[in-house]
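Worksheet for the structure shown next.
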Amino acid sequence: MLIEKVINNNIVSAFDDTGREVVVMGRGLGFGVRPGQPVNEKKIEKVFRIKSRDTADQLKELLADMPLERVQISADIISFAKSNLNLKLNQSIYVTLTDHINFAIDRFEQGINLQNALLWEIKRFYPHEFELGRYALELVKERIGVELPEDEAGFIALHFVNAEYGTDIRDAFRFPNQLKDILEITSDELGIVLDERTLHYERFVTHLKFLLQRVYRRELLPNEEDELADLMRTKYPKEYACSRKIAEYIEKNTDCRLSGEEVMYLAIHIRRVTMAED
């Protein structure tokens, strides 16, 4: 690899053997070197291969004045998420998570602690992402000696939700409350208490997560209703009415109208939940 630009003493931008630009990290990697020289491979600790030019530029700008230890923590958390949980993440996570962890440490050192009003909902609806947040807090404490509060684990979890679903981070912050509201609508409309231990409940929540993802990305299923939709309306009127109620809630809160097919599939999942309760 040949150095394209020295970002700081520990990070350089370079071109790999295929001519692709990469961001390379390693202690002392950029010290005393100039563009055009080969990268010292013995010092390489991490190579960021970012496909988006905008994201790569944002990452280089972000890393320029950041302590190496904080960059390493973020990179290790993302690697852990990919290898242990097999998560497929948007590469923007390298920018958003690194920036958040750096800022969280700065805030803590200044005695500023932010309360996470969504913490309970995040634990409930995104348990795997929350565990990643807890793992991040453990790394920060172990390597830097800073013990961040549990609220930060929730904030970090939402960055992973955002990277998984490819939505804006502001949308990821809306998901937990909207999931809670939709489940409350379901429970109220059907007159039942949803059993969170059942497989049908888990499938319902998973369906809702991906439904909200499609809503915010404007990638809804086509507006086609067939015989199955007619059957659901006729045979399971209460479940179908519940799905319409949820559709109205989503339209009101996201300015996005669900297609007939989305409403039908929602009704099918609601029926499965009621069958489990029966």
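The rows are residues; the columns are (1) surrounded by fewer than 17 Cβ atoms within 10 Å (Cβ to Cβ); (2) closer than 19 Å to Ser74 by Cβ.
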position	(1), (2)
Gln110	yes, no
Pro127	yes, no
Gly133	no, yes
Val140	no, yes
Gly145	yes, yes
Glu152	no, yes
Leu158	no, yes
Val161	no, yes
Gln178	no, no
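Taking the criterion of being in contact (Cβ under 8 Å) with a residue 40 or more places away in the chain, part of a loop (DSSP other than H, G, I, E, B) and closer than 14 Å to Val71 by Cα, the only residue of region 1-10 that qualifies is Asn10. Among the residues in region 49-58, are any within 18 Å of Gly154 (Cβ to Cβ), part of a helix (DSSP H, G or I), of a type outside the set (Ser, Thr, Tyr) and not assigned by TED's automatic domain parsing to the domain that holds Val6? Within region 49-58, not a single residue is within 18 Å of Gly154 (Cβ to Cβ), part of a helix (DSSP H, G or I), of a type outside the set (Ser, Thr, Tyr) and not assigned by TED's automatic domain parsing to the domain that holds Val6. Within region 34-57, restricting attention to residues that are closer than 11 Å to Ile11 by Cα and in contact (Cβ under 8 Å) with a residue 24 or more places away in the chain, which residue is surrounded by the most Cβ atoms within 10 Å (Cβ to Cβ)? So the residue we want is Val39.
Among the residues examined, Arg272 qualifies as under 24 Å from Thr198 (Cα atoms) and surrounded by fewer than 19 Cβ atoms within 10 Å (Cβ to Cβ). The one condition from (1) of a type in the set (A, V, I, L, M, F, W, C); (2) surrounded by fewer than 16 Cβ atoms within 10 Å (Cβ to Cβ); (3) in a loop (DSSP other than H, G, I, E, B) that Phe103 does not meet is (3). Scoring Ala229 on the criteria (1) surrounded by 18 or more Cβ atoms within 10 Å (Cβ to Cβ); (2) more than 30 Å from Ala75 (Cβ to Cβ); (3) modelled with pLDDT of 90 or more; (4) of a type outside the set (Asp, Glu) leaves a single failure, condition (3). Between Leu183, Leu190, the distinction of being modelled with pLDDT of 90 or more, buried (at least 16 other Cβ atoms within 10 Å of the Cβ), over 22 Å from the mean Cα position of the chain (by Cα) and not β-branched (Val, Ile, Thr) belongs to Leu190 only. Being buried (at least 22 other Cβ atoms within 10 Å of the Cβ), assigned by TED's automatic domain parsing to the domain that holds Leu211 and among the charged types (D, E, K, R) is a property that holds for Glu239.
Against the conditions (1) buried (at least 20 other Cβ atoms within 10 Å of the Cβ); (2) more than 15 Å from the chain's Cα centre (by Cα); (3) closer than 18 Å to Asn162 by Cα, Thr96 satisfies every one except (2). Which pairs have Cβ atoms under 6 Å, sit 6 or more apart or on different chains, and link a residue in region 11-27 that is under 16 Å from Lys42 (Cα atoms) and touching a residue at least 40 places away in the same chain (Cβ under 8 Å) to one that is in a loop (DSSP other than H, G, I, E, B) and of a type in the set (S, T, N, Q)? Pairs that qualify, where the first residue is under 16 Å from Lys42 (Cα atoms) and touching a residue at least 40 places away in the same chain (Cβ under 8 Å) and the partner is in a loop (DSSP other than H, G, I, E, B) and of a type in the set (S, T, N, Q), are Arg27/Asn10.
For Phe31, state whether it is hydrophobic (A, V, I, L, M, F, W, C), surrounded by 14 or more Cβ atoms within 10 Å (Cβ to Cβ) and either touching a residue at least 12 places away in the same chain (Cβ under 8 Å) or touching a Phe, Trp or Tyr at 6+ places or on another chain (Cβ under 7 Å) (or both). I'd like the intermediate steps shown before the answer.
Working: hydrophobic (A, V, I, L, M, F, W, C): yes; surrounded by 14 or more Cβ atoms within 10 Å (Cβ to Cβ): no; either touching a residue at least 12 places away in the same chain (Cβ under 8 Å) or touching a Phe, Trp or Tyr at 6+ places or on another chain (Cβ under 7 Å) (or both): yes.
Judged against the criteria, Phe31 is not a match.
Among (1) under 17 Å from Ile50 (Cβ atoms); (2) surrounded by 12 or more Cβ atoms within 10 Å (Cβ to Cβ); (3) among the basic types (Lys, Arg), there is one condition Lys88 misses while meeting the rest; what is its number? It is condition (2) that Lys88 fails. Apart from one condition, Leu148 fits all of (1) among the hydrophobic types (A, V, I, L, M, F, W, C); (2) out of contact with any Ser or Thr (no Cβ under 9 Å at 6 or more places or on another chain); (3) part of a helix (DSSP H, G or I); (4) in contact (Cβ under 8 Å) with a residue 12 or more places away in the chain; the exception is (3).
The values are calculated or read from the model by the stated rules, or taken from the named source; none is laboratory data. Fair warning: this is a prediction, and the values are worked out from it, not measured in the lab. Glycine also receives a Cβ, built like all others from the backbone with ideal geometry; neighbour counts cover every protein chain displayed.
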